[in-house]
Amino acid sequence: MTDAHIEQATDLVEAAQADKTLRPTIAAFFDEATNTVSYVVSDPATSRAAIVDSVLDYDAASGRTDERSANLILDYVRENDLAVDWHIETHAHADHLSAAPYLQDKVGGKLAIGSGIIRVQEVFGKIFNAGSEFERDGSQFDRLFEDGERFEIGSLKGMALHVPGHTPADMAFIVGDAAFIGDTMFMPDFGTARADFPGGDARALFRSIRRLLTLPRDTRLFLCHDYKAPGREDYAWETTVGLQRDHNVHVKDGTSEDEFVAMRETRDAQLAMPQLIMPSVQVNIRGGRLPEPEDNGVSYIKIPVNTL
């Protein structure tokens, strides 16, 4: 069956490969504490920019937040005289808190995520017993992207692609010849993301990945995490469709859906929950904002017992 949105995304990629002026400038910021990569994606022609998957530092022992990682991004934006149009979240992360509200306050821009966040809010709103005051309609975000929706960063053309499986809200964002694919795939020597969170689905993840891998082989893929596979000395977060198709240890060409699902479900059953899942999800389903302070002026993170 023809996938019209992938065909349109392919057109964007091929146009940028043919014309350098349609390619974004990309700066990466790696947070080793959470193994997360944030990006500033900018248009050289207009100096308009988007920030993808920013990190708010969080100390689990003390419950204190810090803006060190976000300030590195802020410094880059200011040093390069960039105007930020977007703060993009590829999904509601379970391993780090988003710094988007902090950065919005400093440089403006709209906060965007996939429309599947509504389902994530419904599921985790119940798990955390968030109460009726917690809106489960995505209204904490400025833009909810649907599959195939277009957007712009200055003169650069972008497209959102729905790639569920890790969570229902995962989106990949195509900008020129680059794709920011969140938690779908990692580097080829490390494989793919887990699919066992509430709302996750290994079959959906396989189909999402194979969808992305129909993009042109030279499409640049920018990952949300790297965990440095055994034997590799350096962290890495940029690869290509071709390298993934040829070498990804979980999902390279020739891997069947049933083989992938069996591997993924077996592997996921052995994984511990991410260290910061409790604070991260509670904050990120709120668009990166802490829960409302209680009557003593303090925000609290709930920890449901024997639930996840």
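The values are calculated or read from the model by the stated rules, or taken from the named source; none is laboratory data. Fair warning: this is a prediction, and the values are worked out from it, not measured in the lab. All Cβ positions, glycine included, derive from the backbone under ideal geometry; neighbour counts span all protein chains shown.
Worth a mention:
- Restricted to region 220-256, and to residues there that are surrounded by fewer than 16 Cβ atoms within 10 Å (Cβ to Cβ) and aromatic (Phe, Trp, Tyr), the residue that is farthest from Arg23 (Cα to Cα) is Tyr227.
- Given (1) in contact (Cβ under 8 Å) with a residue 60 or more places away in the chain; (2) closer than 19 Å to His93 by Cα; (3) of a type in the set (Ser, Thr, Tyr), index of the condition Thr219 fails: (2)
- Comparison of Asp147, Asp183, Asp196, Asp189 shows that the only residue that is farther than 21 Å from Thr36 by Cα, in contact (Cβ under 8 Å) with a residue 60 or more places away in the chain and assigned to a loop (DSSP other than H, G, I, E, B) is Asp147.
- For region 126-147, taking the residues that are among the small types (Gly, Ala, Ser) and under 22 Å from Ile88 (Cα atoms), the one that is surrounded by the fewest Cβ atoms within 10 Å (Cβ to Cβ) is identified as Ser139.
- The one condition in (1) out of contact with any helix residue (DSSP H, G or I) (no Cβ under 6 Å at 6 or more places or on another chain); (2) within 30 Å of Ile127 (Cβ to Cβ); (3) assigned to a loop (DSSP other than H, G, I, E, B) that Asp234 fails to fulfil: (2)
- Per-region count, region 256-308, residues of a type in the set (S, T, N, Q), modelled with pLDDT of 95 or more and in contact with a helix residue (DSSP H, G or I) (Cβ under 8 Å, 6 or more places away or on another chain): 1
- Among the conditions (1) surrounded by fewer than 18 Cβ atoms within 10 Å (Cβ to Cβ); (2) touching a Leu at 6+ places or on another chain (Cβ under 7 Å), Leu290 misses just one, which is (2).
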